[in-house]
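Here the structure is laid out as structure tokens; the discussion comes afterwards.
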Amino acid sequence: VAAGDGACFLERFDYVLKELPSAGVLFSEADREYIRGHETAFLEQMKEAVKRNGYITKHIGNVNEVAFDPKDENGDLVASGGDDGVIKLVNRQTGTTVWSVETKTKIKTLAFSRDGAMFAAGGEDGTVRVWTVTAGSRPVEKGTL
């Protein structure tokens, strides 16, 4: 899950920028300085967004499940879980983590209760973990099944 300034949707990035465009082959050498100016401005905007918002949240490995917090009327809060065994509640407008919980198994399924007071996650090990969720605080584990 990735989000940043002005983002209003989830995206998956499957590419790696190996070099900046200004270092590559251009149609005209006169364009190189123009492109460097845009690169510099872009990188500065990214640094400022990271300072302002924290960091851009991501998982290590695949994300297997996402669930939207039903208490959030705007749909900005989304929980995600994946192969890294971490469950995160992320504000997708800012890219910041509201809370995260580490488990010892790959997360295969997530769900909030209808009122958003409870949260459950199913792991690859067959265990279902349940937490109570209170606005503005980390979830409190209630038990496992």
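The values are calculated or read from the model by the stated rules, or taken from the named source; none is laboratory data. Just so it is clear, the structure is predicted and the values come from calculations on it, not from any experiment. Quick reminder, even Gly has a Cβ in these numbers, built from the backbone with ideal geometry, and neighbours come from all protein chains shown. These accessible areas exclude ligands, DNA and RNA; they are computed on the full protein's heavy atoms, side chains included. Shrake-Rupley method; radii C 1.70, N 1.55, O 1.52, S 1.80 Å.
Quick one: would you say Val78 is within 30 Å of Arg114 (Cβ to Cβ), surrounded by 17 or more Cβ atoms within 10 Å (Cβ to Cβ), among the hydrophobic types (A, V, I, L, M, F, W, C) and modelled with pLDDT under 80?
For Val78, the condition - within 30 Å of Arg114 (Cβ to Cβ), surrounded by 17 or more Cβ atoms within 10 Å (Cβ to Cβ), among the hydrophobic types (A, V, I, L, M, F, W, C) and modelled with pLDDT under 80 - is not met.
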Which of the residues that make up the stretch 112-142 are at pLDDT 80 or above and among the basic types (Lys, Arg)?
Arg114, Arg129
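Determine which member of the set Phe68, Phe9 is open to solvent by 70 Å² or more (accessible area, probe 1.4 Å), under 20 Å from Ala111 (Cα atoms) and modelled with pLDDT under 75.
Only one candidate passes the filter, namely Phe9.
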Residues satisfying the stated conditions in the stretch 90-145, i.e. in contact (Cβ under 8 Å) with a residue 24 or more places away in the chain, loosely packed, with under 13 Cβ neighbours inside 10 Å and aliphatic (A, V, I, L, M)
Ala135
For Arg92, which of the numbered conditions (1) under 20 Å from the mean Cα position of the chain (by Cα); (2) under 22 Å from Lys58 (Cβ atoms); (3) modelled with pLDDT of 85 or more fails to hold?
(3)
